[in-house]
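All of the numbers you see were taken from the coordinates with simple rules; none came from a lab. Treat the numbers as computed from the prediction; the structure is a model and nothing was measured. All Cβ positions, glycine included, derive from the backbone under ideal geometry; neighbour counts span all protein chains shown.
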Amino acid sequence: MTDIVKHECGIAVIRLLKPLEYYYNKYGTWQYGLDKLYLLMEKQHNRGQEGAGLGAVKLEASPGNEFIFRERAMGSGAIPEIFTKVHSSFSEFKPEQLKDVDFVKKSVPYAAELFIGHLRYSTTGKSGLTYVHPLLRRNNWASRSLALAGNFNMTNVDEMFVQLLTEGQHPRDYADTFVMLESIGHYLDREVQYQYDNIDKVNLNGQQVSHIIEEKLDIPFLLNRASKNWDGGYALCGLVGCGDAFAFRDPWGIRTAFYYHDDEVAVVASERPVIQTAFNLKKDDVNELQPGEAIVIKRNGNISLNKVLEKKEKITPCSFERIYFSRGSDYDIYRERKKLGELLVPHIIEAIDDDFDNTVFSFIPNTAEVAYYGMQQGLEDHFNQKKAQTILEKGSSLSKEEIDTILSKRVRSEKVAIKDIKLRTFIAQGVSRDDLAAHVYDVTYGSLRRGVDNLVIIDDSIVRGTTLKQSIIKILDRLEPKKIIIVSSSPQIRYPDCYGIDMSRMSEFIAFKATIELLKERGMQNVIDEVYEKSVAQKNKKKEDIVNYVKEIYAPFKEEEISAKIAQMLTSKDIKANVEIVFQTIEDLHKACPDHKGDWYFSGNYPTPGGNRLVNNAFINFIEGQEHRPHQFKLNFTNSSQ
């Protein structure tokens, strides 16, 4: 992705199922869980570079010592920073104490059996250490303490907030992160109170009562109560201070989570290959948490899978996970991205007029490399068929030299563009900044014939097109290709996201801006006005009754017309080459990723009612010139009945 788009966070949970002595004796360290958490977090660094946090719960902390811990930091170096702080806390103890595992598990911070980790990307305009997970709810009763981390965005924070008020709470923040914490925390408190009220406390002391409550805590039940009215995509994990752990996935399957457990450890993470790498596992060893399902690990080590919410009739896992966000090292994702490239081949052949002799193929940026391999494979298959057909048609009339010439032809593949990761443009301003931005990428001189060759470059997606216009097309044009063809392995991004990707403003999408321009150029301003009027008319309806009228903006045009307009808008006047942009079709996206059909950014088909409310408000804000984050809604407290 040439445009930088903030996206989903990363989560990790580890529960050691043996005493710390076991790991000390087998692996030579009682820090086994901490070390594995570090691996899981570093391997998911792609999912969050604004901040990181970790939490831990000790099962055998002595009274007077803390049992739940947290460390957080901001910035791209947050992971090593928080782990450095954790390890520095060990320096308070003598070397012989750190070798005494019995002492360690009672008294040393982070010498724990439960761990939670989080990589953060801000997608709602909220930033700062306060918003870095895990969030913590402390209490002297361990069963009421909670550390929570997640990969989520909720579309109905306003409704959730009002629900907290109805229950008598005074929330201290309006962000969905805090509302989620207080929502689950509220039902955790109620569950603890329920268990307390129903225990026969005769002849029991307070500690014994607490232990019984901890044993009887019904995590799936409280998650069900808390989440009944949630609207959004989420993969949520938590540690309860008494030693229970859980991970919970939304019933639409929008966000993903994977888990593994054996007799030593239970682990949850956002992506499958990070668990495989950290624990040296095969693909089939790691399972995907199903929509509406929660995995719960009790203090006693019992592990259960629980249907917390009924999964929705139409499951729509995020397709952008497959195209771009997740690590390409996943077994299935690697093959899906190759297929995305391969399925573009017929469109590419049409764009180059089947002229392989005078076309060079490459990719930009590195995240498009796997799709590039698939494209190359498809091109080579087509090219080989052409060669075979030529030989069959001409048959015995061909000389050995002519056959050798035909067989020697190859798809011309070059490393044309290179990103200069050391170049920074944040100091410069205005025109000078644009000039520097044009040099973020460098080109390989001599990689194509000036004025003769076409240049095909594959990208994984095009959101705003800013980097293409300011940098990539300009630097590629220096090679003087006859034609530049930018190929996107994803379809046109037309609609905002509200489930964890930082794409919430209509004006951010070059496809939307191009379509608006087409409407104006062709005297169809009435379409824009009518969609605006319909959107305003339904603004105050229940989210379940809102319709996505923004689809009508795109309806008058074929995809090719919008693509041509995008190419025109991204081509500066000083560009000499002809520029064409080719997008993946939604149909071919589904062929490549058959199990991940969450395509709302391309189709406008949102899986939850809150999605339609988002796009409705986003369009109104665009027309009115008020593009604040449209999935954050203000509350009106002037009416006391609310």
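Tabulated data
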{"quantity": "Rule-of-thumb Rg ratio for the range 322-624 [Cα; 2.2 N^0.38 Å; N residues]", "calculated": "1.12"}
{"quantity": "Mean Cβ neighbour count within 10 Å, used as a protection proxy, ranking 524-533, 618-627 highest first", "calculated": "618-627, 524-533"}
{"quantity": "Ranked packing of 136-142, 403-409, 321-327, most packed first, by mean Cβ within 10 Å", "calculated": "321-327, 136-142, 403-409"}
{"quantity": "Between helix 369-394 and the chain: long-axis angle, C-alpha atoms, 0 to 90°, nearest 10", "calculated": "30"}
{"quantity": "32 Å Cα-Cα threshold exceeded, pairs from LYS534/LYS597; LYS43/LYS216; LYS283/LYS387; LYS387/LYS591; LYS387/LYS474", "calculated": "LYS43/LYS216; LYS283/LYS387; LYS387/LYS474"}
{"quantity": "Calculated log₁₀ intensity ratio I(q)/I(0) where the Debye formula runs over C-alpha points of the range 25-73, q = 0.16 Å⁻¹", "calculated": "-0.62"}
{"quantity": "For peptides 548-554, 388-394, 499-505, sequence by mean Cβ density within 10 Å, most packed first", "calculated": "499-505, 548-554, 388-394"}
{"quantity": "Inverse of mean 1/r across different Cα pairs in the range 305-406, Kirkwood, Å", "calculated": "16.8"}
{"quantity": "Angle between the chain longest axis and helix 78-88 axis [Cα atoms, degrees, rounded to 10]", "calculated": "30"}
{"quantity": "Gain upon complete extension [ARG478, TYR27; 0.36 nm per residue less C-alpha separation]", "calculated": "156.7 nm"}
{"quantity": "Between 0 and 90°, nearest 10: helix 176-197 axis offset from the chain longest Cα axis", "calculated": "30"}
{"quantity": "Distance between modelled label sites at PHE103 and ASN302, nm, 7 Å Cα→Cβ extension", "calculated": "3.7"}
{"quantity": "Signed unit charges on C-beta, dipole axis of the range 10-315, positive-most listed residue GLY75, VAL286, VAL57", "calculated": "GLY75"}
{"quantity": "Label-to-label distance, nm, for residues given as PHE90 and LYS576 (7 Å Cα→Cβ offset)", "calculated": "6.1"}
{"quantity": "Alpha-carbon centroid distance for the pair the range 454-483 / the range 200-220, whole angstrom", "calculated": "65"}
{"quantity": "Estimated dipole of the range 10-315 in Debye, rounded to 20 [Cβ of Lys and Arg +1, of Asp and Glu -1, Cα centre]", "calculated": "300"}
{"quantity": "Inter-label distance for THR390 and ILE406, nm, one decimal - labels placed 7 Å from Cα along Cα-to-Cβ", "calculated": "0.8"}
{"quantity": "Gain in span if fully extended, GLU264 to HIS590, counting 0.36 nm per residue against the direct Cα distance", "calculated": "113.5 nm"}
{"quantity": "Square roots of five times the Cα gyration tensor eigenvalues for the range 156-303, Å", "calculated": "28, 24, 11"}
{"quantity": "Karplus 3J(HN,Hα) series, Hz, for the range 208-218 with 6.51 cos²θ - 1.76 cosθ + 1.60 (x for Gly, Pro)", "calculated": "5, 4, 4, 5, 5, 4, 4, 5, 8, 3, 9"}
{"quantity": "Percent of Cα-Cα distances greater than 35 Å, calculated over the chain", "calculated": "48"}
{"quantity": "HIS170-ARG449 FRET efficiency (beta carbon distance; Förster radius 56 Å; 0.05 resolution)", "calculated": "0.20"}
{"quantity": "Dipole of the range 10-315, positive end: most advanced residue of LEU40, VAL104, PRO134 [Cβ charges, Cα centre]", "calculated": "LEU40"}
{"quantity": "FRET efficiency, 1/(1 + (r/R0)^6) with R0 22 Å, evaluated for GLU380 and ASN358 via beta carbons", "calculated": "0.80"}
{"quantity": "For the chain, calculated [θ]222 nm from helices alone, where every DSSP H run of n ≥ 4 adds -39500 (n - 2.57)", "calculated": "-11000 deg cm²/dmol"}
